[in-house]
Amino acid sequence: MGRYILRRLLSAIPVLLGITVIVFLIMAMIPGDPATALLGAYATPDNVARINKQLGLNHPLWYRYLVWLWNMLHGDFGRSYSLNRPVIVEVWERLSATAVLAGVSWVVAAVLGILAGVVSAARQYGLADKAITFAVLIGISIPSFFLGMMLILFFAVDLRWFPVSGMYAIYGGGDLLDLARHIAMPAAALSVVATGVIARLSRSAMLEVLRQDYIRTARAKGVGERRVILGHALRAAMVSIIPVLGLQAGFVLSGAVYIEIVFQWPGIGRMLVNAILQRDILLVQGGVVVVACLYVIFNILVDVAQSLLDPRIKT
Amino acid sequence: MTQPTLTRRGLLAATGATLSLAAFSQRLMAETPKGVLIVGQVAEPKSLDPAVDTAVNDFRILVNLYEGLTRYKPGTLEPGPGLAESWTINPDGTEYTFKLRQGVKFHDGTDFDAEAVKFNFDRMLDDKNPYHDTGPFPLAFFFSSIKTTEVVDSHSVKFTLKQPYAPFLSNLAYPTGLIVSPAAVKKYGQDLGRNPVGTGAFKFVEWKSNERVVIDRFDGYWGEKTGTKAVIFRPITDANTRVAEMLSGGIDLMVEVPPTALSEFKSDHYKLYEQVGPHVWFLILDCAKGPFKDKRVRQAANYAINKEAICKNVLEGTASVANGPIAPAFSWAYDDKLQPYPYDPDKARALLKDAGAEGAELTFYVTEGGSGMLDPVAMGTAIQADLAAVGLKVKIETFEWNTFLGKVNPGLDAKGQHVDMAEMAWMTNDPDTLPYLTLRSGAWPQKGGFNSGYYSNPEVDKLLEAARTSTDQATRAELYKKVAVIVHDDAPWVFVANWKQNAVSNDTVQDFQLQPSFLLELQDVRKV
């Protein structure tokens, strides 16, 4: 197992290097530059040249890439010119906010999704199955940002049960309960689609397994239905459900961008969108590299989890 | 077979949990105390260092923390005394000597004096100054006319300019000219932007990224005490969310209300505010190449476009029709007798026929959005339709803002492109800025200006040069009015709209007033 993990980790290095090259080139190629974004209407050639010099953008591309990579390997991600603070501080703060939101949404989606899938499969074509399938269809079809706005209108503006936006109360607050109040609506909006997808795939995975001979054998020798479903079938089905959970983790992370904008959640998705609009090169690059690292780590974790469940996968 | 009752029980538990959470939240919904004003901002601030800042959004916080040597008199764009009590100007307009207010302290307890003023301008302008690396200072060129800053005595300071430059006093009132504490620059360096120290009526307390900036009443302030105990600025980028926060009581005051949301606030619980700003929204026409080379075609475009309808229908009354290149907010330099081009498609058709430009095909650059651009796509489409009605075939090309600036600023015929018209908007602080940077022959893009449509009229060049070097406001006013009349007739642009900034507050907010400068002065505001 140790060698397998090591091999996976080593293979991640070229992937990450590739990502640094791609994100660097994209930021270099897109039209517009930080100086113009800063100066707006005042971007005369003189002013642009003055700002570029102050930001160190007057050096050749390859040189800037190597400096960036070298500094990053030493833990220095540079300074965001649009926020006037070190990139890594900003990315770290934002990432924790996104991690909380995406983490809660992902756990909610995984638990509810698998539960719904299992019930659906156990009651194939029954009333519960039909109701769940219908709900899942609606859940998958609603754009999350629209759902978010509707939640705000209903639960925050009309009923005033939850705050409209933000992560903590602006006055007082700051404790766990405060966070729970603020995260309820964004997490709900963010988890709906993922729940639907997980439910659908769990259902079909379960149905697949329930058709197997050994399930029939288990039932024939008088094992309780609950044990058959949860003990025999679900464990086998998890092998195909877990990769979906991993994929959905990525989906929840990227879906967080819209939700963060709608709910003013101080997460990394919103940070990246703003940084791109501002042409804040170092912030975009730093943010993307950190998120990419997380993706890679997550994928490795999923693969490892899968191989633990089913040793045949380890090849 | 065991029934999976698990789900029903689970459902019940989940419902119960939701309801109890809701009950909790209702009980704990924190009311903001009296005397604390919560302002909904349109974005997270970039920095709270006035020398570094470029965004109006940040300026709205800065003017409450800092003061400049001059400040705009309430309700106007005329510079009056600020940290300087008075000043004298030598006859040729190249030496400004300011007498500074006595007994003023920075929030960190250090004294405000002539040395502090010199430090501020040297930091921005002198690349040999040891603190010049605490930038970058994008708008330092506002003061590029300064040759030297000298301390005369502890409370007088003298600026010597390279050449006469009339907007100098006005630029000192602009946020870039706000005075920071030298001790704070030395202590924080580049991090001054997150630890602002000024002389303003409010002092900085806390900046929690993406959540809030808190400022408190400064008890050592030299002038009148503030009306509120504290102000909290909340960044809420999404306009719909900002509106929802206002409706649910999460903020007391918001700026830049989307035109479509104004109707939500037409009740006794809310107050609406409106104020014309120093803003002009126009179309740059290519005066060097293509159909718009002919003045008659340019005038035809001005007649053909229904500006009234754009302001009323597309912008829901949040703008008024522009008459020329000078915004009405500069009341002293604005010619209110100059009538905007009326909507007259027949006259437009006649002019096009005269010029032989009937059915001409035009390329039109439109942006998706940007600072001061209002609703550029909808406006561009309305303009396209109006021009089509007089037989002009307009092809729209849409770009994201930074890309758009990269295509328009170098000139409509630069880099192998030919564009007939492009959208543009400017917000400035002096009537000099916009025409000087966009209408002179010396401001063609290849000469480092923003005259992207290559307009040239020697008379206008002469008038603008004279207006910039005269220090007498009445003389300057006459010159700008003359410029407006000539440019109106030459029609190098289609003059479309002047934006009226708006704001909404709930009924607990009192004595609030929007300023023509687009700044947000909150010293006198009370919350009851």
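The values are calculated or read from the model by the stated rules, or taken from the named source; none is laboratory data. From a predicted model like this one, the values you see are computed outputs, not experimental measurements. Neighbour counts are summed over all protein chains in view; Cβ atoms, including those assigned to glycine, are modelled from backbone coordinates with ideal geometry. Side chains are part of the model used for accessible areas, which takes the heavy atoms of the whole protein and leaves out ligands, DNA and RNA. Shrake-Rupley method; radii C 1.70, N 1.55, O 1.52, S 1.80 Å.
In table form, for the structure just shown:
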item	result
Flag if A:Gly117 is in a helix (DSSP H, G or I), open to solvent by less than 40 Å² (accessible area, probe 1.4 Å), in contact with a helix residue (DSSP H, G or I) (Cβ under 8 Å, 6 or more places away or on another chain) and at pLDDT 90 or above	yes
Per-region count, the stretch B:230-259, residues touching a residue at least 24 places away in the same chain (Cβ under 8 Å) and not hydrophobic (A, V, I, L, M, F, W, C)	10
Number of the condition not met by B:Met379 [criteria: (1) more than 12 Å from B:Ala301 (Cα to Cα); (2) away from chain A (no Cβ under 14 Å); (3) open to solvent by 10 Å² or more (accessible area, probe 1.4 Å)]	(3)
Answer residue from the stretch B:174-191, given it is modelled with pLDDT under 95 and in contact with a Ser or Thr (Cβ under 7 Å, 6 or more places away or on another chain) and is least open to solvent (accessible area, probe 1.4 Å) among those	B:Gly189
Odd one out for B:Leu169 among (1) open to solvent by less than 10 Å² (accessible area, probe 1.4 Å); (2) over 24 Å from A:Ser82 (Cα atoms); (3) part of a helix (DSSP H, G or I)	(1)
A:Val228 vs. criteria over 30 Å from B:Val214 (Cα atoms), assigned to a helix (DSSP H, G or I) and either open to solvent by 40 Å² or more (accessible area, probe 1.4 Å) or not aromatic (Phe, Trp, Tyr) (or both)	yes
Which listed residue, of A:Val91, A:Val87, A:Val111, A:Val48, is surrounded by fewer than 17 Cβ atoms within 10 Å (Cβ to Cβ), at pLDDT 80 or above, out of contact with any Asp or Glu (no Cβ under 6 Å at 6 or more places or on another chain) and not basic (Lys, Arg)	A:Val111
Hits in the stretch B:486-528 (condition: within 23 Å of B:Ala244 (Cα to Cα) and hydroxyl-bearing (Ser, Thr, Tyr))	B:Ser505, B:Thr508
Some residue of the stretch A:125-136 being among the β-branched types (Val, Ile, Thr) and surrounded by 20 or more Cβ atoms within 10 Å (Cβ to Cβ)	yes
Test: residue in the stretch B:403-424 that is acidic (Asp, Glu) and surrounded by 22 or more Cβ atoms within 10 Å (Cβ to Cβ)	yes
Among residues of the stretch B:230-263, those that are farther than 18 Å from B:Ile61 by Cα and at the interface with chain A (Cβ under 10 Å from one of its Cβ atoms), counted	11
Some residue of the stretch A:212-225 being closer than 25 Å to B:Arg242 by Cα, assigned to a helix (DSSP H, G or I) and open to solvent by less than 30 Å² (accessible area, probe 1.4 Å)	no
Per-region count, the stretch B:437-447, residues out of contact with any Phe, Trp or Tyr (no Cβ under 7 Å at 6 or more places or on another chain) and part of a loop (DSSP other than H, G, I, E, B)	1
Pick from the stretch A:137-185, criterion within 20 Å of the chain's Cα centre (by Cα) and part of a loop (DSSP other than H, G, I, E, B), ranking: surrounded by the fewest Cβ atoms within 10 Å (Cβ to Cβ)	A:Pro143
Unique residue being farther than 30 Å from B:Ala466 by Cα, in contact with a helix residue (DSSP H, G or I) (Cβ under 6 Å, 6 or more places away or on another chain) and in contact (Cβ under 8 Å) with a residue 60 or more places away in the chain when the list is B:Ala422, B:Ala348, B:Ala360	B:Ala360
All positions within the stretch B:7-42 that are in a loop (DSSP other than H, G, I, E, B) and either in contact with a His (Cβ under 7 Å, 6 or more places away or on another chain) or modelled with pLDDT under 85 (or both)	B:Met29, B:Ala30, B:Glu31, B:Thr32, B:Pro33, B:Lys34
Enumerated helices (runs of 4 or more DSSP H) restricted to the stretch A:3-90, each holding at least 1 residues that are over 29 Å from A:Ile300 (Cβ atoms) and away from chain B (no Cβ under 13 Å)	A:61-73
Criterion (assigned to a loop (DSSP other than H, G, I, E, B), aromatic (Phe, Trp, Tyr), farther than 18 Å from B:Pro167 by Cα and away from every other protein chain (no Cβ under 14 Å)) met by exactly one of B:Phe512, B:Phe450	B:Phe512
